[in-house]
Amino acid sequence: MKIFKSKLREVSAVYKTSDVVPNVKISQSKDVADYIRQVYPVEINIREAMVVLFLSNSNKSIGWSIASIGGITATIVDVRLVLRDALLTQATSIILVHNHPSGSLNPSKSDLSITHKVKKAAELMDIKLLDHLILTEDAYFSFVDEGKL
C-alpha cells in the first residue's frame, strides 16, 4: 500500500444566518429578483457573477451561494460545485441568477448552455431547476417566464 503525505480533508457545510435577509417563499420570478438583489456579490453593471438560490420542497428559501464571479463580459460556472452546494443545503430545487453588466436582457449561447447543463445534472439528483434569471441594473429576464426553460 502506498502512503500519501497529504492529509485527508473533512467536508462540512457552513450555514451563516443573516438577520438582514430573511427566508421567503418564492412564488414568481419577481420574488427571486427582489430577494437576490439584497445579497448580490458585485455591482450589477460592473462585473458578471452567478448566484444560486436554494429552495425547500415548499419553495421557501434555504440559502444562497456565489457560484462564480467573473469579469466584465463572462463568468465561468462549475456545475459540480452548484450541485455540491444544493446537496449540502438539502435543497429540492434551485434557481440560477446572473447579471449582464452590458444591460442586455438577451440570453447568450453560454447562458442557454449552462442552463441546460445544470438542469440535466440536477435531474440526476432529483433536484429541480426552477428558473434562471438574468439581472440588469433595473430589470430582469426569467427563462421560465419567456418559455426558455
On the given criteria, is ALA49 buried (at least 21 other Cβ atoms within 10 Å of the Cβ) and either touching a Pro at 6+ places or on another chain (Cβ under 6 Å) or farther than 23 Å from ILE26 by Cα (or both)? yes
Among THR115, THR75, which is in a loop (DSSP other than H, G, I, E, B) and either under 30 Å from VAL11 (Cβ atoms) or of a type in the set (Phe, Trp, Tyr) (or both)? THR75
Pick from VAL79, VAL42, VAL97: which is buried (at least 19 other Cβ atoms within 10 Å of the Cβ), in contact (Cβ under 8 Å) with a residue 40 or more places away in the chain and either hydrophobic (A, V, I, L, M, F, W, C) or in contact with a His (Cβ under 6 Å, 6 or more places away or on another chain) (or both)? VAL97
So in segment 35-49, with the set limited to residues that are aliphatic (A, V, I, L, M) and in a loop (DSSP other than H, G, I, E, B), which one is modelled with the lowest pLDDT? VAL39
Residue identified as within 23 Å of ILE26 (Cβ to Cβ), free of Cβ contacts under 8 Å to residues at least 24 places away in the same chain and among the charged types (D, E, K, R) among LYS60, LYS120: LYS120
Here are some residues: SER68, SER58. Which one is closer than 15 Å to ILE36 by Cβ, modelled with pLDDT of 95 or more and not hydrophobic (A, V, I, L, M, F, W, C)? SER68
Selection status of SER65, closer than 27 Å to VAL11 by Cα, surrounded by 21 or more Cβ atoms within 10 Å (Cβ to Cβ) and not aliphatic (A, V, I, L, M): no
Only one of VAL97, VAL77 is farther than 15 Å from TYR40 by Cβ and of a type in the set (Val, Ile, Thr); which? VAL77
Could you tell me which residue of segment 116-146 is surrounded by the most Cβ atoms within 10 Å (Cβ to Cβ), considering only residues that are modelled with pLDDT of 95 or more, over 17 Å from VAL51 (Cβ atoms) and of a type in the set (Asp, Glu)? ASP145
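The values are calculated or read from the model by the stated rules, or taken from the named source; none is laboratory data. Everything numeric in this text was worked out from a predicted model, so none of it was measured. In this analysis, Cβ positions are derived from the backbone assuming ideal geometry, glycine residues included, and neighbour counts consider all displayed protein chains.
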